[in-house]
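Peer 1: Starting off with a structure, shown below.
The values are calculated or read from the model by the stated rules, or taken from the named source; none is laboratory data. The structure presented is a predicted model; accordingly, all values stated were derived computationally and were not measured. Don't worry about glycine lacking a Cβ; one is built from the backbone with ideal geometry, like all the others, and counts go over all protein chains shown.
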Amino acid sequence: MSVLAEPPRRIPRPRGVLTPLALLIVAALAAFTMLPSLIAPYDPIALAMSDRLKPPSLEHLFGTDEGGRDIFSRVVHGTRYSLGVAIVIVFFSALFGVIYGAVSGMARGWVDNVLMRIVDLFFGFPALVLALAVAAAMGRGLDSVALSLAVIWWPGYARLVRGEVLRLRERPHVESARALGVSELTILRRHIIPFVTQEVNVRVTTDIGFALVAVTALSFLGLGANSPTPEWGLLIRDSRSYFGSAWWYLVFPGTMIMLTATAFSIIGDALASRRSA
Amino acid sequence: MILSVRDLAVSFRRDGQELTAVDHISFDVAEGETFIIIGESGSGKSLTGMSIAGLQPQAASVSGSITFKGRELLNRPDAELRRVRGREVGLIYQDPLGSLNPVWPVGDQIAEALTAHGLLGRAEAARRAVEMLDRVHIPDPRRVAQAYPHEISGGMRQRAMIAMALAASPSLLIADEPTTALDVTIKAQMLELLSELKRELSLTVVLITHDMGVVAEVADRILVMYAGRIAEIGDADAIMQRPSHPYTAALMASAMISEARPKQDLDAILGGAPGLGAFPSGCRFHPRCARARDDCSRVDPPRRPWGAVELACHHPVAADATHPLVEA
């Protein structure tokens, strides 16, 4: 007879083609980010005035822009900027928010109160307006976009994690660790954080899509990347003057933003439905 | 006395009102004895147990005095209490699955009791965890130490909990409803294990339960709690043979361990235990008590010696009463 009981049943994954498709898109994006020069057929920066505003063809999959540059190559190289910045924003927001929320939830009492009122202050501001203000004050550039979006992003994590910590700290296994004389810091690290990460992972995945939209939006508004950086939002900004004559210039970068945001959102949903209670 | 509780009161504030869940109780626990606190849910028995380890809910305010080996434990700073918890006072809870962290192997969690107090290094603590699992008679302890809580059976989890609570060799074990979630055979095994460990490790055990069957099995002394107060306290044999407080008598009648009437129907105590903030005047048991008279609803019965025990009742069950509840 085995000492061990039967292994628990796996939680069934949601079926369907969406999740595999989304994973495929993310894999492609990862390749774009890491090896853009291997994938892009042309230089994303160098001008080729003889090829101005060519429609999509086998030579130029997404067509060319007003400088004769291959839009597909620009999109591939741009992944690093648009998606890269979005990931950086979400990563640091999550890191800071988790620590902030964990401290708040563990401390409780007046410390918790003060910390959460500060979070409320950030929530009270219209997010994009706040980001615009920060970006405008810091000057144009992707770094100021990253910082300004991180400033409005972390409070969501702080609030999420604080709630989870308050819920988890009443769990019997936390109570029994406390009864063993385990310190609060170890309790947080070993008995609370592992359960918070599940929630945070779901949030991070979905948020990368939202952050991407925000980054490209700020670039579109002229606060982000500078020409000739092939950042996606900037591509759309530059395409405006040619929309009547060169539809591909707007449509392909726009579709990339939409596909990327949707892919992360789908994966986030898949993670959410797999998490245990 | 290894543990002395004096005038312990645990209260909560609700809507500007002070609600006293444990109402100024006092008792002593002698070294090496099995002391049982019995009562219905809401009687304040668990709060009493948790307060000893300083683990009462944060909203609770606690007053009085709890001395363990001559040292005051009540309202001490958390850092000081942390050194006592696990190291000197071990706790086990009702829900063994919930009380184990699902993301770490069982052995890790037992080892944590030792590393938390800096008693042993990691490797040494892991070895000791296996020893402890063996000590609580878990077969193949090496394998179980590496198993996750969901991979082992309910009885084994409870054994693992006991191993965890005793890993740092505390001298006092507080067990809060340790057998409630278990079926009858496992319950018997668990009580047997507790008695064995108590003997071998010269433990003092405070066992909190609502189960009269547990009392009959292991008790040296009993404290019967009702609505935050002590109804009856004294030697287990004396109380089991002849319960003097009508509540104790009713509890025993409802558990069918009264050997005098083995074939009759079980008696239920009419009504429900009063909720916090809704305690009746006078004796708190009087609305449910078959022996209640006028004075019971007006005058709070003081605790007084009664034969071999102490109780708080105006009209205890008389020594010659054959059936404690018939006489009204």
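Peer 1: Tell me, yes or no, whether the range A:94-106 has at least one residue that is more than 30 Å from A:ARG162 (Cβ to Cβ) and touching a residue at least 24 places away in the same chain (Cβ under 8 Å).
Peer 2: No, the conditions are met nowhere in the range A:94-106.
Peer 1: Next question, about the same structure. From the list B:ALA147, B:ALA168, B:ALA163, pick out the single residue that is away from chain A (no Cβ under 11 Å) and more than 15 Å from the chain's Cα centre (by Cα).
Peer 2: Testing whether each residue is away from chain A (no Cβ under 11 Å) and more than 15 Å from the chain's Cα centre (by Cα) leaves just B:ALA163.
Peer 1: Working carefully through the options A:VAL182, A:VAL119, find the one that is over 27 Å from B:TYR93 (Cα atoms) and surrounded by 15 or more Cβ atoms within 10 Å (Cβ to Cβ).
Peer 2: One residue alone meets the criteria, A:VAL119.
Peer 1: If I ask for residues that are more than 17 Å from B:ALA249 (Cα to Cα) and in contact (Cβ under 8 Å) with a residue 60 or more places away in the chain, which ones from the range B:203-235 would you list?
Peer 2: If the condition is that a residue be more than 17 Å from B:ALA249 (Cα to Cα) and in contact (Cβ under 8 Å) with a residue 60 or more places away in the chain, then B:LEU203, B:THR204, B:VAL205, B:VAL206, B:LEU207, B:ILE208, B:VAL218, B:ASP220, B:GLY228 are the ones that fit.
Peer 1: Scan (1) more than 27 Å from B:HIS286 (Cβ to Cβ); (2) within 12 Å of the chain's Cα centre (by Cα) for the single condition B:VAL215 breaks and write down its number.
Peer 2: (1)
Peer 1: Residue by residue through the range B:202-238, note down the ones that are modelled with pLDDT under 90 and surrounded by 22 or more Cβ atoms within 10 Å (Cβ to Cβ).
Peer 2: Matches in the range B:202-238: B:MET212, B:VAL214, B:VAL215.
Peer 1: If you don't mind, another one. Is it true that A:ILE192 is within 14 Å of chain B (Cβ to nearest Cβ), in a helix (DSSP H, G or I) and of a type in the set (Val, Ile, Thr)?
Peer 2: In short, yes.
Peer 1: Among the residues of the range B:278-319, which ones are aliphatic (A, V, I, L, M), under 21 Å from B:LEU251 (Cα atoms) and surrounded by fewer than 18 Cβ atoms within 10 Å (Cβ to Cβ)?
Peer 2: B:ALA290, B:ALA308, B:ALA318, B:ALA319
Peer 1: Further question: Please work out which residue is surrounded by the most Cβ atoms within 10 Å (Cβ to Cβ), limiting yourself to the range A:43-67 and to residues that are free of Cβ contacts under 8 Å to residues at least 40 places away in the same chain and in contact with an Asp or Glu (Cβ under 7 Å, 6 or more places away or on another chain).
Peer 2: A:THR64
Peer 1: Now for a different question. Any residue at all in the range A:62-83 that is among the hydrophobic types (A, V, I, L, M, F, W, C) and assigned to a loop (DSSP other than H, G, I, E, B)?
Peer 2: Checking the range A:62-83: at least one residue is among the hydrophobic types (A, V, I, L, M, F, W, C) and assigned to a loop (DSSP other than H, G, I, E, B).
Peer 1: Kindly indicate whether A:ARG162 is surrounded by 17 or more Cβ atoms within 10 Å (Cβ to Cβ), of a type in the set (Lys, Arg) and either at pLDDT 90 or above or within 23 Å of A:PRO228 (Cα to Cα) (or both).
Peer 2: Criteria met by A:ARG162.
Peer 1: Of everything in the range A:222-277 that's of a type in the set (Asp, Glu) and within 22 Å of A:ALA48 (Cβ to Cβ), which residue is surrounded by the most Cβ atoms within 10 Å (Cβ to Cβ)?
Peer 2: A:GLU231
Peer 1: Just checking, which of A:VAL161, A:VAL151, A:VAL200 is in contact with a helix residue (DSSP H, G or I) (Cβ under 8 Å, 6 or more places away or on another chain), over 30 Å from A:THR255 (Cα atoms), of a type in the set (Val, Ile, Thr) and away from chain B (no Cβ under 14 Å)?
Peer 2: Selected residue: A:VAL161, the only one of A:VAL161, A:VAL151, A:VAL200 that is in contact with a helix residue (DSSP H, G or I) (Cβ under 8 Å, 6 or more places away or on another chain), over 30 Å from A:THR255 (Cα atoms), of a type in the set (Val, Ile, Thr) and away from chain B (no Cβ under 14 Å).
Peer 1: What's the number of the only condition in (1) more than 14 Å from chain B (Cβ to nearest Cβ); (2) assigned to a loop (DSSP other than H, G, I, E, B); (3) buried (at least 19 other Cβ atoms within 10 Å of the Cβ); (4) not hydrophobic (A, V, I, L, M, F, W, C) that A:SER219 fails to meet?
Peer 2: (2)
Peer 1: Next question. I need the full set of residues from the range B:150-160 which are among the polar types (S, T, N, Q) and at the interface with chain A (Cβ under 10 Å from one of its Cβ atoms), in order please.
Peer 2: B:SER153, the sole residue that qualifies.
Peer 1: For the range A:68-93, which residues satisfy the criterion of being surrounded by fewer than 21 Cβ atoms within 10 Å (Cβ to Cβ) and free of Cβ contacts under 8 Å to residues at least 40 places away in the same chain?
Peer 2: A:GLY68 - this is the single residue of the range A:68-93 that is surrounded by fewer than 21 Cβ atoms within 10 Å (Cβ to Cβ) and free of Cβ contacts under 8 Å to residues at least 40 places away in the same chain.
Peer 1: Which of the helices (runs of 4 or more DSSP H) contained wholly in the range B:24-142 include at least 2 residues that are surrounded by fewer than 19 Cβ atoms within 10 Å (Cβ to Cβ) and away from chain A (no Cβ under 14 Å)?
Peer 2: So the answer is B:122-135.
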